[in-house]
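All remarks here apply to the structure that follows.
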Amino acid sequence: MAAKKRRLFETKSFLAHVGDGRSIGKYRKGQVVFSQGDPGDAVFYIQKGKAKLTVVSEQGKEAVIAMLGTDDFFGEGCLAGQAQRIATVTAMADSVIVRLEKSAIIKVIHEEPAFSEMFIAHLLSRAIRVEADLVDQLFNSSEKRLARLLLLLANFGKEGRPEPIIAKISQETLAEMIGTTRSRVSFFMNRFRKLGFIAYNGGIEHGIEVHSSLLNVILHDQPQIKR
């Protein structure tokens, strides 16, 4: 007797519905998903929206270490024995986030190759991004770091079309992410706008339009402003 044809597993459908060990929550902008020091007992998936990961030192200094968007996972450290969260995750916009209990995600990783492939791709992408961030911090100027961050936030270089309009984000947050001061970020943002690399009306908190020409800052040493 021929073996029964294995059912087709649809990862997107699996992540879009409540089920065994899976729940879906709606988070308002500014709402905390989990806090630094909380138990690490689940992995999360952003169905819609944006979130940021922040870490607070023993001295009380806060740093933004990553910004996440639709289709990103986070909290996967619990699968490697991370008993407590090492960062706080906060929604940056109204978001829909799936929570997968540790046992549930381990089960689907073992049983469903399609999900495993998607999850491994996420882990590899995250590892590459962390490595690139480290190189960026070690060798690039703060101006280049800001240009790279803006391009990443606008999804340049990712599959699919870029999102030229970045959601509301403060200069303080940008400064924390690239390791510089707010005044330096303000200086570089004004320079980028004069060069036509970005556009925004009023404060950048109202959204930033990022143009592909911003790549010039990364590819060349110092952009010159024509007077």
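Table for the structure above
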item	result
From the options I169, I109, I165, residue that is at pLDDT 85 or above and among the aliphatic types (A, V, I, L, M)	I109
Given (1) in contact (Cβ under 8 Å) with a residue 40 or more places away in the chain; (2) crowded, with 20+ Cβ neighbours inside 10 Å, number of the condition K107 does not satisfy	(2)
Within region 49-68, tally of residues that are in a strand (DSSP E or B) and not acidic (D, E)	12
Any hit, region 138-145, residues being surrounded by 15 or more Cβ atoms within 10 Å (Cβ to Cβ), touching a Phe, Trp or Tyr at 6+ places or on another chain (Cβ under 8 Å) and assigned to a helix (DSSP H, G or I)	yes
Residue count, region 52-82 (criterion: hydrophobic (A, V, I, L, M, F, W, C) and over 20 Å from D94 (Cβ atoms))	7
Residue match in region 210-222 (condition: within 19 Å of T70 (Cβ to Cβ), crowded, with 16+ Cβ neighbours inside 10 Å and at pLDDT below 90)	yes
Search result, residues across region 25-38 that are of a type outside the set (K, R), in a strand (DSSP E or B) and loosely packed, with under 15 Cβ neighbours inside 10 Å	G25, V32
The one condition in (1) assigned to a strand (DSSP E or B); (2) touching an Asp or Glu at 6+ places or on another chain (Cβ under 7 Å) that F9 fails to fulfil	(1)
Pairs, first under 8 Å from I97 (Cβ atoms) in region 36-54, second in a loop (DSSP other than H, G, I, E, B) and open to solvent by 60 Å² or more (accessible area, probe 1.4 Å), C-beta under 9 Å, six or more apart	Y45/D71; I46/T70; I46/D71; Q47/T70; Q47/D71; G49/K29; G49/T70; G49/D94
Test for V18: is it over 19 Å from the mean Cα position of the chain (by Cα) and open to solvent by 40 Å² or more (accessible area, probe 1.4 Å)	yes
Residue list for region 89-104, restricted to those being open to solvent by 30 Å² or more (accessible area, probe 1.4 Å) and over 20 Å from the mean Cα position of the chain (by Cα)	E101, K102, S103
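The values are calculated or read from the model by the stated rules, or taken from the named source; none is laboratory data. Note that the coordinates shown come from a computational prediction; the quantities given were computed from them, not determined experimentally. In this analysis, Cβ positions are derived from the backbone assuming ideal geometry, glycine residues included, and neighbour counts consider all displayed protein chains. For the accessible areas, the whole protein counts, side chains as well, though only heavy atoms, and no ligand, DNA or RNA atoms are used. Shrake-Rupley method; radii C 1.70, N 1.55, O 1.52, S 1.80 Å.
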